[in-house]
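The values are calculated or read from the model by the stated rules, or taken from the named source; none is laboratory data. Everything quoted here is computed from the prediction, not taken from an experiment. Methodologically, a virtual Cβ is constructed for each residue, glycine included, from the backbone with ideal geometry; neighbour enumeration extends over all protein chains shown. Side chains included, ligands, DNA and RNA excluded: accessible areas come from the protein's heavy atoms. Shrake-Rupley method; radii C 1.70, N 1.55, O 1.52, S 1.80 Å.
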Protein chains: 2
Amino acid sequence: MNSRESLKNFILKVVQITPKDAQEIADAFRPIELEEKEFLLQENQVSDDYLYLENGLMRTFLYDLEGEEITIDFFIEDNIVFEITSFFNRVRSEANIQAITKCTGFRISYEELNTLFHDKPAFRDFGRAILVKEFIASQKRNYGMINRTAKERYQNLLMTKPQILQHSPLKFIASYLGVTDSTLSRLRKNL
Amino acid sequence: MNSRESLKNFILKVVQITPKDAQEIADAFRPIELEEKEFLLQENQVSDDYLYLENGLMRTFLYDLEGEEITIDFFIEDNIVFEITSFFNRVRSEANIQAITKCTGFRISYEELNTLFHDKPAFRDFGRAILVKEFIASQKRNYGMINRTAKERYQNLLMTKPQILQHSPLKFIASYLGVTDSTLSRLRKNL
DNA sequence: GAATCCGCTTGACAAAAGGCAAGAAAATGA
DNA sequence: TCATTTTCTTGCCTTTTGTCAAGCGGATTC
């Protein structure tokens with residue numbers, strides 16, 4: 001079995017496209033591996049990775065005014081991972097992207113992405129669909145954060161991304177949920 | 001002065017493009033007016049409006065599990081307004097978009113947008129830039145909501161969209177900030 | 001002009017979440 | 001293995017926010 005099968009299937013899930021085109025797009029990606037705690041992107045770099053995460057768990061985080069790490073989002077397998085602002089606008093990133101566990105996947109650069117956009121019109125639809133998908137996820141998260149208690153937010157996270165519980169330290173989850181370590185620890189107790 | 005001057009300038013701000021192209025794109029949009037409280041989109045409709053808001057204030061909202069209106073976002077003048085999910089994925093909208101004040105602007109349909117994407121490659125970049133811009137705004141909002149108190153969130157909203165204070169009833173703002181009317185009323189008092 | 005409705009404010013109390021510090025448990029490393 | 005560091009839990013008390021109910025003033029309506 002072709003090692004890019006997972007990526008090909010992901011593409012076919014996202015846009016209507018011929019399997020041949022999907023395969024050719026997938027073939028343009030190159031394998032990448034990240035060790036636990038390795039960075040895909042560090043702040044002040046210009047991101048040049050558009051990554052399909054085949055296996056593993058990642059997070060994106062930044063530092064707040066007090067210098068504390070704030071986890072902004074978790075990425076689980078079978079998703080596209082990249083820092084939209086830095087990647088598309090070619091500006092220095094304010095955020096970091098880090099592997100929580102060992103990760104494997106396939107990546108292309110900004111230049112390669114644009115070449116693909118040009119050569120494969122269907123890939124443009126893919127790119128747009130990913131943007132729309134991520135945007136919707138962000139909006140849903142907004143909504144979920146505002147109108148729920150910390151306990152409900154925690155339960156919701158466990159429903160949607162149960163992998164996190166196994167592999168992520170409590171403090172990443174706490175800052176993602178916008179509560180202190182203590183509060184999250186107490187929430188866990190009442191389950 | 002051409003009545004679409006504002007839209008043309010908006011396009012020129014967003015992407016590098018010739019003024020001639022920007023003008024031709026702007027000319028493809030058609031004027032639209034909305035009275036106070038009129039809806040641009042109601043839930044269960046498939047959105048067909050990609051709107052440049054030239055003047056006025058709008059909001060998008062939905063109903064929570066208790067049937068209460070939750071304001072998801074405010075739109076101020078000189079911005080693109082549309083419901084991404086419904087518009088791009090051609091599915092029924094869960095959200096409503098409503099004019100808070102009288103609004104004027106220019107709109108195109110989904111079909112017209114795709115024709116423009118085809119005829120004017122530079123407009124594709126515009127479309128993508130708008131998506132990226134909105135996505136970033138959504139992420140920023142996420143971040144701002146999580147790690148700030150209600151008071152800080154309120155102050156931040158007033159800094160970024162002061163128009164809202166003048167025209168929006170308190171309850172819209174309260175649900176946007178994720179607090180009760182009472183709490184927002186008390187916050188206001190302490191300023 | 002009295003009755004009604006709506007938007008907003010306020011008070012009294014309850015619940016949710018945070019701050020801080022101490023300590024237990026787990027991971028790391030020599 | 002033992003020592004050290006990091007991660008997580010817990011207790012005590014404070015702050016923030018919510019709930020519920022009452023009240024106020026302006027607009028609308030009959």
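Side notes on the structure shown:
- Residue within the stretch A:56-66 that is crowded, with 21+ Cβ neighbours inside 10 Å, of a type in the set (S, T, Y), more than 13 Å from the chain's Cα centre (by Cα) and closer than 14 Å to A:L40 by Cα present: no
- Filter pass, B:A174 being closer than 13 Å to B:F74 by Cα, within 11 Å of DNA strand C (Cβ to nearest atom) and without any contact (Cβ under 8 Å) to a residue 24 or more places away in the chain: yes
- Residue, surrounded by the most Cβ atoms within 10 Å (Cβ to Cβ), within the stretch A:80-97, restricted to residues that are within 19 Å of B:L131 (Cα to Cα) and under 10 Å from the mean Cα position of the chain (by Cα): A:F82
- Search result, residues across the stretch A:146-157 that are at the interface with chain B (Cβ under 10 Å from one of its Cβ atoms) and under 20 Å from A:N190 (Cα atoms): A:R148, A:R153
- Residues located in the stretch A:71-90, provided they are within 14 Å of chain B (Cβ to nearest Cβ), in contact with a strand residue (DSSP E or B) (Cβ under 7 Å, 6 or more places away or on another chain) and farther than 21 Å from A:Y154 by Cβ: A:I80, A:F82, A:E83, A:S86, A:F87, A:R90
- The stretch A:131-142 - residue that is crowded, with 19+ Cβ neighbours inside 10 Å and closer than 24 Å to A:I32 by Cβ and, of those, farthest from the other protein chains (Cβ to nearest Cβ): A:E134
- Residue match in the stretch B:161-180 (condition: within 16 Å of DNA strand D (Cβ to nearest atom), within 13 Å of chain A (Cβ to nearest Cβ) and over 24 Å from B:T101 (Cα atoms)): no
- Residue list for the stretch B:110-127, filter: within 11 Å of chain A (Cβ to nearest Cβ) and over 20 Å from B:F75 (Cβ atoms): B:N114, B:F117, B:H118, B:P121, B:R124, B:D125
- Exactly one residue among B:Y110, B:Y154, B:Y176 is closer than 24 Å to B:D27 by Cβ and touching a helix residue (DSSP H, G or I) at 6+ places or on another chain (Cβ under 8 Å), and that residue is B:Y110.
- Selection from the stretch A:139-160 of residues that are away from DNA strand D (no atom under 16 Å from the Cβ) and among the charged types (D, E, K, R): A:K140, A:R141
- Per the conditions (1) within 16 Å of DNA strand C (Cβ to nearest atom); (2) buried (at least 16 other Cβ atoms within 10 Å of the Cβ), the sole criterion not satisfied by B:K189 is (2).
- Close contacts from the stretch A:143-157, counting a first residue that is open to solvent by less than 20 Å² (accessible area, probe 1.4 Å) and assigned to a helix (DSSP H, G or I) and a second that is more than 11 Å from DNA strand C (Cβ to nearest atom) and among the aromatic types (F, W, Y), with Cβ to Cβ under 9 Å and a gap of 6+ residues or different chains, come to A:L157/A:F74; A:L157/A:Y176.
- Checked against the criterion of being within 16 Å of DNA strand D (Cβ to nearest atom), of a type in the set (A, V, I, L, M, F, W, C) and assigned to a helix (DSSP H, G or I), the stretch A:121-138 has no qualifying residue.
Yes/no matrix, rows are residues, columns are (1) under 26 Å from B:E35 (Cβ atoms); (2) away from DNA strand C (no atom under 15 Å from the Cβ); (3) surrounded by 13 or more Cβ atoms within 10 Å (Cβ to Cβ):
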| residue | (1), (2), (3) |
| --- | --- |
| B:R107 | yes, yes, yes |
| B:Y110 | yes, yes, yes |
| B:L116 | no, yes, yes |
| B:S168 | yes, no, yes |
